[in-house]
Structures are given as structure tokens and as C-alpha cells.
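All remarks here apply to the structure that follows.
The values are calculated or read from the model by the stated rules, or taken from the named source; none is laboratory data. Quick caveat, the model's predicted, so the values are computed rather than measured. Cβ sites come from the backbone with ideal geometry, for glycine too, and all protein chains shown count toward neighbours.
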Amino acid sequence: MSGLTLAILSPFLSSIATIFYGEAVRLLNPFVALTFESFIGAIFIFLILIVRHQKIDFSKIKTHKKDLILLILTRGIIGNLLITIGLTLSTGIKAIFFTKAEPYFVIFWFWIFTREKIEKKHLFLLFMHILGAILLSSGSLGFSFSSGQIGDFLIIAAVVFYALSYFPASKVVNHLGALQTNAITLFISGFVFLPFALLYYDPSGWSSHIGWIYLVVAAFTFNVLALTFWFASLKTIKGWMVSALRALGPLVGAPFAIIFFGESLTPIQIAGGAVVLATSFLIAREHFKKK
């Protein structure tokens, strides 16, 4: 599959995974969810590597350890911790909308570190992305404060670190490949969270059968499929464009939440989805123009 196809499929899958993960976090201990989502995803990917007769290249890991450590910190540990705690206070369907603020943060980090110039028309498309995400999320042009506002803030804070991870991820994946990069990130992140899962052991946070089912589905859908596709897309497509295309996610995640978890959308939110779809198509067309 092309990098553009992978960049489009990744947000579809990650949005569905976020809905399942949000339910799992509320049924299980958050640190249990963090730890075992990482381990489950890593195990799946290691099995794929074994089937494909691919070995972990430790010499390349050593060479690119600084970027790998930064990737693990920004995405695997800090970003995942913030969004998990945020999901205990907010909801999965809100999370898939709030995470679509990522393009702005990616552009901010690119401007800080590379001074990369972004064309005005691309900035306009990104602005329309965010406007569409706001409409989808709140049903209006502004966010209302509620008891879940802290959770919303933590989810947005997680996106700041996810956006920062584009830099080390783009470097590491070109040397280790998408699967190896993903597996290593997940495996080490799981070990970082494991002591906390044991320290805050609570039998009720381990015993929900449906919670474990949701967690396995979320781990496979996000860590094995969506995240691997994300790493692979960064090989051929600029980080800001991959991030912008992630705004497509709610178009699949929202109907999924409505059908299976009883959520609903207002006419304004549906209009926001149309804006997101239109601007995502235009960004994809810009990519083809540069081919």
C-alpha cells in the first residue's frame, strides 16, 4: 500500500481503537490498561516479525538510540499516560475529536526545530480541519467547561507530545522499519508502566472480563495496525500531512460510537464532519500534485 493509503487507514483504525480503549480504561485500572495494551501489541508484532523471519537489528538500535529513546518518551510513555488518565475523566468519542488538534502542534514543532515553511493554503486547510473538529466535538464554535474539562485538557496535552514524536519517529522508522520500531516502543513502554500496575494493584481493576476484551481489541487495532501504518506512512509523506489526514478519524469513529455505544451527533457536528472530509481530500490532492 502507498504511504498516503496508510496515512488514511491509520486514523480510521485508531479512532475505533480509542473508543474501545476508553471503555477498557474505565473498567480496568488505568495502569493495567497502559501496561497490557503495550505488551499485547508488542507480542502481536513480535509474532508477525517471527513469521516474516525478521530479526531485531540491535546494531541499528544502538546507533539510533537517542531518537528511539525520545520516541518512547514522547509517544509510548508521556503521551499514552496523559491520554489514559484523560479518558478516565472524559469520553472516547470526545477524545477522537480532541486528538485532531494534532496538525497545529506538528506545525508548531516543525517551526521550532526546522523552521520549515508551510504554505498559506496548507495553513488554511489545517485551520478548516480544526474548525471541523471543533464542530464535531462540541456542536458549536466553542468548548463548554464541564466536570470533564480536566480530562479534555489532559487529552490535548497528550496530543502535544504525540506531535513531538513525529521527529524521532521519522528518523528511526527509516532505519529499523515500521514493525521493529513499533514493537520496541511498545515493549519498553509496557515495562515502564508495569511497576505502577503492580504498585496500585486493585483486584477490581483486573477482574472485568469485558474490560480485557475491549483492551485486546484496542491493542490489536491501534498498536498492531494503526500505529504500524502510521510509522510506515512517515517513510514517504511529510509529518504535518500525515497528521492532517488524521482528522479523517472521527468520520469512522463517530458512527462506530453511535452504533455500538449509544453516542449521538447533532446536525452541527455532522456539518463539522463534512468540513473535515472536504479539507482532508484537498490535502491529499496537494500530496499528489507534488509527486
Residues located in the range 198-215, provided they are buried (at least 17 other Cβ atoms within 10 Å of the Cβ) and at pLDDT 90 or above: 211, 212, 214, 215
Can you tell me which residue is surrounded by the fewest Cβ atoms within 10 Å (Cβ to Cβ) among those in the range 219-249 that are outside any helix (DSSP H, G or I) and among the hydrophobic types (A, V, I, L, M, F, W, C)? 237
Does residue 22 meet the test of being at pLDDT 90 or above and of a type outside the set (S, T, N, Q)? yes
Keeping to the range 68-117, report how many residues are in a loop (DSSP other than H, G, I, E, B) and out of contact with any Phe, Trp or Tyr (no Cβ under 7 Å at 6 or more places or on another chain). 4
Among the residues of the range 156-208, which ones are under 19 Å from residue 230 (Cβ atoms) and not in a helix (DSSP H, G or I)? 165, 177
Would you check if residue 41 is at pLDDT 95 or above, among the small types (Gly, Ala, Ser), surrounded by 19 or more Cβ atoms within 10 Å (Cβ to Cβ) and out of contact with any Gly (no Cβ under 6 Å at 6 or more places or on another chain)? no
